[in-house]
Amino acid sequence: NPYTYSTVSEAIEVHEIGEVWANMLHNVHAQLVDAFGFSQTARNDPTSTSGSAVFLHLFLDGLALQHCNPDFLAARDAIIQADHNRYSGAHTCVIWKAFARSGMGANAADFIDDFSIPSGC
């Protein structure tokens with residue numbers, strides 16, 4: 001999918017913006033599954049450490065950490081913070097790499113793509 005963070009600045013309607021965000025979340029999920037595996041029971045096994053279960057936990061935990069009307073970067077940061085809170089940052093580099101592939105790297109700002117990841121990843 002060619003959509004990146006900067007694509008949002010060109011979006012005319014809300015559904016186009018949602019498509020970009022959904023694609024980014026799908027990429028994070030796919031990278032976590034690639035690194036930590038998939039579980040058929042991720043939705044009903046809170047003890048699973050599979051990538052699919054981790055994604056669900058981080059997505060929901062991230063929602064609780066976001067302020068009202070977050071932008072893409074605030075939502076990304078909330079998911080990363082959720083990983084630090086729940087898993088002591090065990091998946092942070094995988095998450096950063098997935099977001100960076102979509103232009104939401106460490107130095108992304110104001111719909112300007114950045115594909116870098118923080119040092120240490």
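Values quoted throughout were computed directly from the atomic coordinates according to the rules given, and no laboratory measurement underlies them. Quick caveat: nothing in here was measured; it's all calculated off a predicted structure. Note: ideal-geometry Cβ built from the backbone for every residue, glycine included; neighbour counts use all protein chains shown.
Computed quantities for the displayed model
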item: Between helix 51-65 and the chain: long-axis angle, C-alpha atoms, 0 to 90°, nearest 10; result: 60 degrees
item: Ranked packing of 61-69, 1-9, 26-34, most packed first, by mean Cβ within 10 Å; result: 26-34, 1-9, 61-69
item: Which label in (i) 0.99; (ii) 1.03; (iii) 1.32 gives the computed Cα Rg over 2.2 N^0.38 Å; result: (ii)
item: Selection from His57, Ala106, Asn1 lying farthest towards where the dipole of the chain points positive, charges on Cβ; result: His57
item: Residues Trp21, Trp96 arranged by fewest to most Cβ contacts within 10 Å; result: Trp21, Trp96
item: Cα-based helix-to-principal-axis angle, 92-101 vs the chain, degrees rounded to 10; result: 30 degrees
item: Acute angle (nearest 10 degrees) that the helix 14-36 long axis makes with the longest principal axis of the chain, alpha-carbon atoms; result: 40 degrees
